[in-house]
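What follows is a short report on a single structure.
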Amino acid sequence: MRHFLTLKDFTKDEILEIIAVGLEIKKDLKVGIYKGQLKNQTLAMIFEKSSTRTRVSFETGMFQLGGHALFLSNRDIHLGRGEPIKDTARVVSSMCDMVMIRTFAQSMIEEFAQFSKVPVINGLTDSFHPVQLLADYMTLVEHNMSENLKVAYVGDGNNMTHSWMILAAKLGFELRIATPKGYEVDAEVLKKALELAKISGAIIITTHDPKEAIKDATVVTTDTWTSMGQEAQKNERIKIFKGFMVDDAMMSLADKDAKFLHCLPAYRGLEVSEEVFEKHSGIVFDEAENRLHAQKGLMVWLDRQR
Ligand code: CP
Ligand code: NVA
């Protein structure tokens, strides 16, 4: 049995296989074929943070695969009132076939997985957002962008950045990360990514200069400057991140055919300008839709590993 807690635990071939399974299921869905791969199975979805895409995609995905999903907000279940993680894990995994968790600390999902009898999927923690990267890479494959990939990430060194680093390190592409001083990526994650990069041939560069990161990039991406849980720092962050907005001037430094990705939700006038966002909204909303397809691929793949 496998869990999906970070991309670190997966090989390049496994990551590509999960995406390929997702693309197959997507092709079927588009012509109305439902194979019921997870018939009679249930997915428990534990949310300790807000979500639009993650909830809609997992719940819809599980239904389309013939199963059922349970939305468990921590406001409603005893976890939020202090029932231990390990007890919640043993109870939920005795009744459900898979668990998806969105929470704060990565250690919470690790502990849950340790006591779970069924696969646990990371639906975002403070440290990583690996299911988003499955959708992002699937989108790049579909848009024929996955060869000679040079990704520039401009913004906060956060869960999205960390997952981009692990993906680049595993798949062997080039990633340049520009963050303001004091908002760099986690040193441990960087160390791990650089170690993995030696094997895959990935190039991972960190800088404080967005222009350096973006030069000739084939894909430019960013994320909110204020992640969930950091709301109190919002005004301070807006001041510090000035100069990191992905706008037309910034995009003009990238490759002339460069694409823009955003995991959403997007804050126009902060991490991205309205013009850049709307110009690239086609691919951005393909990326959002691919959450559904990539995660269906993931759930079917995890089910096959038992
Ligand atoms: N990108 C993403 O995970 O969106 P939600 O927070 O809406 O789930
Ligand atoms: N970095 C953002 C991603 C939202 C999908 C957050 O954690 O809030």
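The values are calculated or read from the model by the stated rules, or taken from the named source; none is laboratory data. Quick caveat: nothing in here was measured; it's all calculated off a predicted structure. Cβ: placed from backbone, ideal geometry, glycine included. Neighbour counts: every protein chain shown. Accessible surface is based on the protein model in full, side chains and every heavy atom, while ligands, DNA and RNA are left aside. Shrake-Rupley method; radii C 1.70, N 1.55, O 1.52, S 1.80 Å.
Observations on the structure shown:
- Helix 159-171 axis, angle to the chain major axis (alpha carbon atoms, nearest 10°): 90
- Rolling a 1.4 angstrom probe over the protein heavy atoms with all chains in place gives the range 143-222 an accessible area of 40 Å² per residue.
- Label-point gap, in nm, between Asp257 and Thr207 - each point 7 angstrom along Cα→Cβ: 2.3
- Note on the chain: GNM, Cα springs under 10 Å; of His143, His162, His208, the largest mean-square fluctuation is that of His143.
- Leu196 sits with roughly 30 Å² accessible to a 1.4 Å probe, with DNA, RNA and ligands left out of the calculation.
- Here the range 121-194 and the range 23-53 have alpha carbon centers that stand 24 Å from each other.
- Between helix 130-142 and the chain: long-axis angle, C-alpha atoms, 0 to 90°, nearest 10: 60
- Restriction of the trypsin sites (Lys or Arg not before Pro) in the range 156-238 to DSSP coil positions whose beta-carbon has at most 11 other beta-carbons within 10 angstrom yields Lys181.
- Here's the picture: a label point sits 7 Å out from the Cα of Asn148 along the beta-carbon direction, and within the range 163-181 the residues with their amide nitrogen under 19 Å of it are 172-176.
- Helix 12-30 vs. the chain, principal-axis angle (Cα, 0 to 90°, nearest 10): 70
- Accessible surface ranking that places the most exposed of Ser281, Ser50 first, with a 1.4 angstrom probe: Ser50, Ser281
- Straight-line cross-link reach from Lys191 at under 25 Å between alpha-carbon atoms covers these lysines, not counting any fewer than eight positions away in the same chain: Lys8, Lys12, Lys150, Lys170, Lys181, Lys211, Lys215.
- Label sites at Glu274 and Gln233, each approximated as a point 7 angstrom past Cα along Cα to Cβ, lie 2.9 nm apart.
- Selection of trypsin sites (Lys or Arg not before Pro), the range 33-66, meeting DSSP coil and at most 14 other Cβ within 10 Å: Lys35, Lys39
- Sequence-separation-based contact order of the chain, relative, with Cα cut under 8 Å and 6+ spacing, percent: 21
- For Met95, the accessible area of its heavy atoms, probed at 1.4 Å with every protein chain present, is near 140 square angstrom.
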